[in-house]
Amino acid sequence: MDSTVKPRLILLCGLPGAGKTTLAKRLAREIPAVRLCPDEWMADLGIDLFDEPTRDRLERRFWKHAQELLRLGQTVILEFGFWALSEREEKRVRARALGVPVELHYLAAPIDELCRRLEARHAKGEPGTVSISRELLEEYTKLFQAPDADELALFDAPPPGRRR
């Protein structure tokens, strides 16, 4: 790793089908960075992706690991979805306490497009995917707290020369 490049924390925020994994994989290759994706780990371990207690434990463990990696100078991408403002705020504040810049990438798409992407992804049998009905996705949109311009302004921009 180039010693002049400062490690950073990258948070990917969005509903299922918004493009978080696609962006995370590209960034992980280009930066390079360690990408932590609960869906993929749960699928690999044969855990139901809707098992929220296990997901919460895994995300807490990933966060501990991410902090260790950041202290060691490694950029980390957390692909958790970050539906709640409080989750995003906690990660931003804690990473900044480590002296690390924090990016928030909010990915959004209309519900029809999310449904189309999810159906296509599930039909291909991509790892870490499950069938998500339109009804469930509509319920998720009620729970999701999209970041507004004021919140987005609290985060760091990607370094010059790196595309989003």
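The condition (being part of a helix (DSSP H, G or I), of a type in the set (Lys, Arg) and under 23 Å from Arg26 (Cα atoms)) is satisfied by just one residue among Lys91, Lys142, Lys64: Lys91. Restricting Phe82, Phe144 to residues that are touching a Cys at 6+ places or on another chain (Cβ under 6 Å), surrounded by 13 or more Cβ atoms within 10 Å (Cβ to Cβ) and closer than 24 Å to Arg55 by Cα narrows the list to Phe82. When Thr4, Thr21 are screened for being on the phi < 0 side of the Ramachandran plot, surrounded by 14 or more Cβ atoms within 10 Å (Cβ to Cβ), hydroxyl-bearing (Ser, Thr, Tyr) and modelled with pLDDT under 95, only Thr21 passes. Checking Glu113, Glu103 one by one, the residue that is part of a strand (DSSP E or B) and either in contact with a helix residue (DSSP H, G or I) (Cβ under 7 Å, 6 or more places away or on another chain) or modelled with pLDDT of 95 or more (or both) is Glu103 and no other.
Taking the criterion of being in a helix (DSSP H, G or I) and surrounded by 12 or more Cβ atoms within 10 Å (Cβ to Cβ), the residues of region 27-56 that qualify are Leu27, Ala28, Pro38, Asp39, Glu40, Trp41, Met42, Ala43, Thr54, Arg55.
The values are calculated or read from the model by the stated rules, or taken from the named source; none is laboratory data. What you are looking at is a predicted structure, and each value in this text was computed from that prediction instead of being measured. No Cβ is skipped: glycine too gets one built from the backbone with ideal geometry, and neighbour counts run over all protein chains shown.
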